[in-house]
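The structure appears below as structure tokens.
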């Protein structure tokens, strides 16, 4: 499990953007904060209700980089060498956070601290722990679990747990 000191944490937004951005912990801390109360759902069929997360709104972070009109998807990068994919619309949805706190306490390393992604309307594997960046893409490319048979989107209300791997996309994803 990665143990990242906030002073050593950085976050990048790059790819199909007008202005690539790199944030450090101090810059993230100066951004407006918000709270999100949500339920979380794991692909292994458990849920936890009424979680209070706090952090920085993902749409605020994306606005700094200004995604291009061609950007449709995002490959989320996290430690250690983890990725997951998301449609840009899901990442930019209300309630998505770069979360730094859970139930009023700083996120522990076990829960993805110092910063984890929170995408509360999708299965929890899309809410990457130890998040380090968003690579904006003009096409949908699989992340780690998607290359291994998980669904490309992961909507719990549609039971989108497993998908059909696309061999062409899997090769591209592994070449990163």
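Any read-out appearing in this document is the output of simple, stated calculations on the displayed coordinates, not a laboratory observation. Every value quoted in this text rests on a predicted model; they were computed, and no experiment measured them. Cβ: placed from backbone, ideal geometry, glycine included. Neighbour counts: every protein chain shown.
Out of 92, 63, one residue alone is under 16 Å from residue 128 (Cα atoms), free of Cβ contacts under 8 Å to residues at least 40 places away in the same chain and out of contact with any strand residue (DSSP E or B) (no Cβ under 7 Å at 6 or more places or on another chain). It is 92.
Of all residues in region 1-22, exactly one satisfies the criterion of being within 17 Å of the chain's Cα centre (by Cα) and without any contact (Cβ under 8 Å) to a residue 40 or more places away in the chain, namely 22. For region 11-37, a residue qualifies if it is in a helix (DSSP H, G or I) and crowded, with 17+ Cβ neighbours inside 10 Å, and the qualifying residues are 25, 28. Scanning region 100-118 for residues that are in contact (Cβ under 8 Å) with a residue 60 or more places away in the chain and within 22 Å of residue 64 (Cβ to Cβ) yields 100, 114, 115, 118. Restricting region 66-80 to residues that are touching a residue at least 40 places away in the same chain (Cβ under 8 Å) and out of contact with any strand residue (DSSP E or B) (no Cβ under 8 Å at 6 or more places or on another chain), the residue that is surrounded by the most Cβ atoms within 10 Å (Cβ to Cβ) is 70. Within region 38-55, the set of residues being outside any loop (DSSP other than H, G, I, E, B) and either under 19 Å from residue 89 (Cβ atoms) or in contact with a helix residue (DSSP H, G or I) (Cβ under 6 Å, 6 or more places away or on another chain) (or both) comprises 38, 40, 41.
Okay, residues lined up against (1) more than 16 Å from the chain's Cα centre (by Cα); (2) over 20 Å from residue 127 (Cα atoms):
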| residue | (1), (2) |
| --- | --- |
| 27 | yes, yes |
| 34 | yes, no |
| 37 | yes, no |
| 41 | no, no |
| 45 | yes, no |
| 49 | yes, no |
| 54 | no, no |
| 61 | no, no |
| 64 | yes, yes |
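Only a single item in (1) more than 24 Å from residue 29 (Cβ to Cβ); (2) within 12 Å of the chain's Cα centre (by Cα); (3) without any contact (Cβ under 8 Å) to a residue 60 or more places away in the chain is not met by residue 160, and it is number (2). Scanning for something part of a loop (DSSP other than H, G, I, E, B) and under 22 Å from residue 88 (Cβ atoms), does region 2-10 turn up at least one residue? No, region 2-10 contains no residue that is part of a loop (DSSP other than H, G, I, E, B) and under 22 Å from residue 88 (Cβ atoms).
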